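Peer 1: Take this structure, written in structure tokens, and hold onto it; I'll ask about it next.
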Amino acid sequence: MTSRRSFLLISAASVAAPFIARARNDFLSDRINNLPQLQSLQVQRGDEIVFAEAPRGPGLDRLANIKSCSKSIVALLLGIAIDKSEISSVNSTIQEVAPRLLPANATPGSESITMEDFVTLRAGLERTSGGNYGEWISSPNWIADALTRPMVAEPGKSMLYSTGSTHVLGAAVSIASDQSLLSQVRDRLGAPLGIDIPAWTRDPQGYYLGGNEMAITPKSMLKIAVLLRDRGAFGGRQVVPESWVAASTKPYGRSAFSGLEYGYGWFLTPSGYALARGYGGQIIAAHTRRNLAVAISSDPTRPARSNGYFGELVRLLDGPILNLS
């Protein structure tokens, strides 16, 4: 039986809880108001959206360029393709999955790069990102350009952040499934999550860019965060195999820039987040143990370096956002 003292304590806690939650939200509002690049922040705990503000930018219902967060979406599509037996396993090579992607002058050894090497950004080929990005997208054949670059590391060893690797992966998944990347993301993720995905950039051969320039709304970003948080399930349906999400959130490499570990298309933080990261400060993050899903959209035209704005966003995730749970 509850004593009078216990009853009073419980009653006091119940009365205080809304004030504590409001104070935490006010503190978080103040923090994001001091981040001029940030356009929106949403936090979902369980089934409840506990914070949703868009202090600047187009708002929560307008399209946002998620930049390299699309690498993480391509990784989810790979898992679905393997589950459907369109690709036999992550150990399948590019030669086995999509031999027609290999140019006649492909770098020796590139034919043996596996799907796992591509999705973990350990293909070993010279990067097409950073200072090489402009040259790469100006080439007449983005896939051939990526696969004829010098082999600068042994495949499967070092993480080399490269949009070219994810673009080759996306094209391979498209060939294996006999569906364009756009069709796949609409059918296999968009439909079950209730997300609209417009067409985005294609390369000169017609393959949708795997790893950049996809646009969805911030509210849709949050749905993807929930999907990952809930181990591939959404709305009572297993959209992505749970085993794939488990494999995706294990470390296979480490970024030389941020120091964060990297799984199958997802960065992994020491505090327990799995997150997609896009240029400018686009973030789709999931913290399964704390039952949190987070979506952040930012100005896509300004950099977000690990020792700058992106670092501030990580501190936001690890501090006041974790404290909301």
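Bear in mind these aren't lab numbers, they're just calculated from the coordinates by the rules spelled out. If you're wondering where the values come from, they're calculated on a predicted model, not measured in any experiment. Positions of Cβ are generated from backbone atoms using ideal geometry, with glycine treated the same way; all protein chains shown enter the neighbour counts.
Peer 1: Straight distance only, please: which aspartates and glutamates reach the Cα of Lys250 with their own Cα at less than 18 Å, same-chain residues fewer than 8 apart left out?
Peer 2: Within the straight-line cut-off, Lys250 pairs with Glu116, Asp117, Asp230, Glu242, Glu261.
Peer 1: Given H placed 1.01 Å from N in the peptide plane, which residues other than close sequence neighbours of Ser129 have an amide H under 5 Å from its amide H?
Peer 2: Here Thr163, Gly164 satisfy the definition.
Peer 1: I want to verify a result. In a Gaussian network model of the chain, Cα cutoff 10 Å, which of these has the top mean-square fluctuation: Ser89, Ser297, Ser243?
Peer 2: Among Ser89, Ser297, Ser243, the largest mean-square fluctuation in the Gaussian network model of the chain belongs to Ser243.
Peer 1: Continuing with this model, one more query. With angles folded into 0 to 90 degrees, how steeply does helix 4-33 sit against the dominant principal axis of the chain? Use alpha carbons for both and round to 10.
Peer 2: The helix 4-33 is inclined about 50 degrees to the chain.
Peer 1: For the chain, which longest stretch is free of loop sites, where a loop site is one of the trypsin sites (Lys or Arg not before Pro) that DSSP puts outside H, G, I, E and B and that has at most 12 other Cβ atoms within 10 Å?
Peer 2: Within the chain, the longest run free of exposed trypsin sites (Lys or Arg not before Pro) spans 158-288.
Peer 1: Roughly how big is the range 208-325's charge dipole about its Cα centre, with Cβ charges of +1 (Lys, Arg) and -1 (Asp, Glu), in debye to the nearest 20?
Peer 2: Working: 13 positive and 7 negative charges, 35 e Å.
For the range 208-325, the charge dipole is close to 160 debye.
Peer 1: Can you list residues whose amide H is under 5 Å from Phe51's amide H, if they're 5+ apart or on another chain and H is modeled 1.01 Å from N?
Peer 2: Val43
Peer 1: May I ask for the angle, rounded to the nearest 10°, between helix 163-177 and the longest principal axis of the chain, with both axes built from Cα atoms and the value confined to 0 to 90°?
Peer 2: Helix 163-177 and the main axis of the chain meet at about 80 degrees.
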